[in-house]
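Below is one structure, written out as structure tokens, with a few remarks after it.
The values are calculated or read from the model by the stated rules, or taken from the named source; none is laboratory data. Values in this document were obtained by computation on a predicted structure and should not be read as measured data. Here the Cβ positions follow ideal geometry from the backbone for every residue, glycine too, while neighbour counts run over all protein chains shown. For the accessible areas, the whole protein counts, side chains as well, though only heavy atoms, and no ligand, DNA or RNA atoms are used. Shrake-Rupley method; radii C 1.70, N 1.55, O 1.52, S 1.80 Å.
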Amino acid sequence: MKKFNIRKVLDGLTAASSSSSSPQSSNRDNDVVLETLQSEHFQLCKTVRHGFPYQPSAMAFDPVQKILVIGTESGALRLFGRAGVECYCQHEGNAAVIQLQFLVNEGALVSALSDDSIHLWNLRQKIPAILHSLKFSRERITFCHLPFQSKWLYVGTERGNIHIVNVESFTLSGYVIMWNKAIELSSKTHPGPVVHISDNPMDEGKLLIGFECGIVVLWDLRSKKADYRYSYDEAIHSVAWHHEGKQFVCSHSDGTLTTWNVRSPAKPAQIITPHGKQPRDGKKPDPCKPILKVEYKTEKSGEPFMVLSGGLSYDTVGRRACLTVMHGKSTAVLEMDYPIVDFLTLCETPYPNDYQEPYAVVVLLERDLVVIDLAQTGYPSFENPYPLSIHESPVTCCEYFADCPAELIPALYSVGSRQKRQGYSKKEWPISGGNWGQGAQSYPEIIITGHADGSIKFWDASALMLQVLYKLKTAKVFEKVPAKEEKSSPDVVDEDPFAVHSLSWCPESRVLCMAAVSAHVIVYRFSKQEVTLETVQLLEVRMQCELNDVDSPEGGGDQASAVSTPGASSSPQCGTPHPSTSSASSSEGPRDNVPCLRVRSSALKQSPGYQVELVIQLLWVSGEPPQQISSLAVNSAYGLVVLGNGNGVAVVDYLQKTLLLNVTTAELHGSPDPHQRQPRSPRKGRHPSGVGLCDGNDGAVTSEDRCKSPTSGCGSPYHSDEDNKQKFLEKVKSKSRLISKSVANDFAKMSRKFSMAADHKHDGGSVRRQFSLHVEKRVCEAEEAAPRRKAASVYGTHFEHGLNARDGSFIHSRSSSMGSLDREAREVISCLHFCEIMSRNSELAPAPSLWLGTTLGTVLTVSLSVPSAPEQRLQQTVPVSFCGSLVRLKGGVLRMAVMDSTGSLVPPACEGWYDPNAPEEERERTRSRRTTSPSSSQENQDCQYAVVCSEKQAKVVAMPSQNCVYDHNITETSFVLRADVVVMSAGLCIACFCANGHIMTLSLPSLRPLLDVNYLPLTDMRIARTFCFSNLGQALYLTSPMEIQRLTYSQETCDNLQEMLGELFTPVETPEAPNRGFFKGLFGGGAQSLDREDLFGELAAGKASRSLAQHIPGPGSMEGMKGAASGVVGELARARIALDERGQKLGELEERTAAMMASADAFSRHAHDVMLKYKDKKWYQL
């Protein structure tokens, strides 16, 4: 049982004595929490990778196992079987994969890399491993070919030579085909690299070799000489055989296809240009683009298929990549969305000497995988079951929820199934190999991704799989943004104005809140009924940093009165669409009171699923765009949404569509400001209703007056009296003149420095950089303007630690030499948390509260008085009062949570889901508020703990005494990027991901380090933006623009990982070879086999030069049998080993039995000879 350290107890008593509350004298034994989490509960390992392979370069398919593998330019391999069966593995060195070859139905794969190495992978285990590697040192590898059911691999090189490798031992044969022997002796030029190798389907002893220059050689392996040589003027890209072995087709760089008869090497039997214009005078057609690949497949009851990529005419400028399917006399050109990397034709038989019967074409694109059905008219594509559409629009944010309510996934799937496209092939997905895992992990998991086009996708991530459930398009709420060339002014954000910046989701109530880069927030409610919204509910909020931000009211036109109310909302509108024109956006003055985007004015049809409840938009203030929203939180039990940025914080009641609170960070601190701010606004005569706040000691003002929305008809006192307004503006101007020109110039230089740094790092403007440019311009033009506002605007770049989403650059500056004025201007609301807690000793029960965390390490508390009755909640406003500062930490606050006295997490209060469009009686029946009741406690006794984690530090504070009972410095040399309080199966902990790549966990409440692993150094903004932890030891991040990497830090999950992963290899019988027929067998017209061992073995060909290639044993040589110890493959492997051992023992027994029989025979003969010798002799003759 853990007990408090006496030093920490004294620290807590000291902190309590220095605060306003009295020191606690209660028994400290009640504060002891039994911690069950230990370091042995944690282990970090990768689990699975989802998404489309980034930068694909090669592809292969096993026609028997029905497994597809894709290689990438970074050396990664992604293997796909049936839906839910995926595997990721990585070569060392990150060299590009240039070619892949399956050992068909053998559970093995050969990969060739750009560093001139070939590797043999064992796929009979759940996590594939390399068995052997061969590194070529003299020649560059250009092409590989592995014949079906052969153990000899042909390797073509850049010099034009062909080497042969035994894939069982991964050793080179002494048999080498030299380029100078393959081509004509009279040829004076080098034929170039080998671009194709294949054996004749009907004669394995004949090898077809294609050189880049246009020469094709049919090599006789037995006689070691060339039988025929075929020459063409254009370079060759690929070659394909007819299954009878009498013809082959070559694709060339001028867009032509040449068909050759094997026994007629003089000239091609046919020359066609599929996409060339045929001249009438019989001349040669105009050249086209190169045909990069061609495949020739035959059918038993129809015309052959010829599938090719490329070959389009040069006059088709701007046309997308195409795949051409030629079937008989018909030609179909299938346009692709992205360039084609490779394609494969799937056939019914793996034997090359039989009718192939093609049924599908797998097309690998740069950003997609398409499978085309060749058996149906029109060649429709199959519906892809893999989660390859993550990158459909760039991912901008990500959230991970483990152990969600069980009914969530079926509800999302039911509404998402209606969004599926039509027109797919009705056949089953042809890549159907492998088996699913049999893991015990059964809790629901959901991943939510926000995208640059404003879309939000919900994914089912249960059981290490990933499947899209539902897609929400948030851009439909707004008018369409004109294209760049049509823009007449830079008012709208240049790039991705709808990009999702942050998400807040309540799984229990299914309330979703999103914030975008254009400084707007949308609240969504989930409904199963389709509705049409005539008018989008809109609330506009004017947030500005301080009074010194205010310019002369003359430039603001009709909105001048709004300028003088910095703490209140200026122009929220409820229930009305945004007007098409605004008086504040006149050409004479700066933009003011105008949002970045225009809400649509027409009716909005909303399908079942997430439907708009309220749109909140931040407005331009005196020519400055609104700052990006840095933090967001929603609470369904209270009906509130809170958002914060560098200017301050705003609390919105999304049920009544009103603004409850809109204050700056300076006004949040009040008089006991820890950062020693100077008063920025006159306090005399200030009425709480003008700020939208509630003071807990002010009983003269009713809650209705204090929290009334600015749209209710009561204006601010500053609006009602013109004289007071003029006096107020004079004070503002006089204060701004006190700042000297030298200070203004210093801040201008600082602004310019940050802006230039951002310009060098960012490629393609962002909202934050646009803010910085506006700041610099304003500083240079107006010397009397307050410099603190400019630094605050520049902070938009600092808040994300200077990480750029485009190029992955990283700038993080926290210099201690900056002045206090600069530090105070950089404070931003970085974290928000709703909770029910006892903030004061006088409180007898937990009360609704809102915690605000800032980038300067301060946690502020705001008390909320939420009416409990539903009918009162819709009629009365929610009073708000400040409770001061709770705790201060080093670094910006990242995460806050509440624990009870037993060490359990106290989640925010939430409301059970109900359909907002259902009848009233049904809503009342399903509507319920869910709260977590803390353990009973007496007065002045700590019964809760506040957990706060910042970029540098973590603290645990006892409540309501506010004594800091534990603190821990997480890092001194780096800073924390993401922190979460997570629930493990054995207790609670804090999970942290630092910029130096360390992943750490701390126990709660004692903050003992339990795990510290140097996992992944921060090299990309994408990782920092998308890394997130979840309950039960799960985490994920975006490892590339297209892929999600999931990992676990739970020892339990790591132990069960082998069972949870799917199996790639399954025992399948190889199809029977085609029947040769009676007459072919009689007269020898069938396929001729070749004993390659007699040609390439060491006895016949000798040993290859040791300096040619180096053999490297793979790490998976011994692990192969260990990894196959589970599932059917493991049983088969053990049975096979047992049979081998039994056979060996039987063989030894048979040998011993034979030896005994031989000995018995010898003894019998010897005895017989002795008997004959002494048969006729008497006893006395012996």
Counting Lys +1, Arg +1, Asp -1, Glu -1, what net charge surrounds Lys206 among other residues with beta carbon under 10 Å of its beta carbon?
-> -4
How many nm is it between the label spots at Ser137 and Glu1151, if each spot is 7 Å from the Cα in line with the beta carbon?
-> 3.9
With every protein chain kept in the model, how would you rank Glu92, Glu357, Glu836 by accessible area, 1.4 Å probe, largest at the top?
-> Glu92, Glu357, Glu836
Rough spin-label spacing in nm, given labels placed 7 Å along Cα→Cβ, for Ile272 and Lys329 = 1.2
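Strictly over 26 Å apart at the Cα level, which of Lys476/Lys528; Lys657/Lys952; Lys300/Lys426; Lys46/Lys476; Lys206/Lys293; Lys420/Lys480 would you flag in this model? Could the numbers behind the result be given before it?
Values: Lys476/Lys528 19 Å; Lys657/Lys952 38 Å; Lys300/Lys426 24 Å; Lys46/Lys476 38 Å; Lys206/Lys293 22 Å; Lys420/Lys480 24 Å.
In this structure, Lys657/Lys952; Lys46/Lys476 exceed 26 Å between Cα atoms.
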So Ala95 and Glu348, fully extended at 0.36 nm per residue minus their Cα-Cα distance, gain in nm 87.7 nm
Would you mind calculating the relative contact order of segment 271-363 from Cα pairs under 8 angstrom and at least 6 residues apart, reporting the percent as a whole number?
-> 21
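Once you keep just the Cα pairs under 8 angstrom separated by 6 or more residues, what percentage relative contact order results for segment 80-223?
13
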Might you work out the accessible area of Met1156 for me, using a 1.4 Å probe with all protein chains in place, and round it to the nearest 10 Å²?
-> 140
Sorted peptide list for 517-524, 994-1001, criterion being average Cβ within 10 angstrom, highest first | 517-524, 994-1001
Segment 585-647: mean projected area of Cα convex hull, nm² = 6.3
Residues with beta-carbon under 14 Å from that of Thr449, excluding Thr449: net charge, scoring Lys, Arg +1 and Asp, Glu -1?
-> 0
Given a Förster distance of 25 angstrom, what is the FRET efficiency for Glu871 paired with Ala845, based on the Cβ-Cβ distance and rounded to 0.05?
-> 0.65
Provide the net charge surrounding Glu139, with neighbours chosen by a C-beta distance below 11 Å and charges set as Lys +1, Arg +1, Asp -1, Glu -1.
-> +1
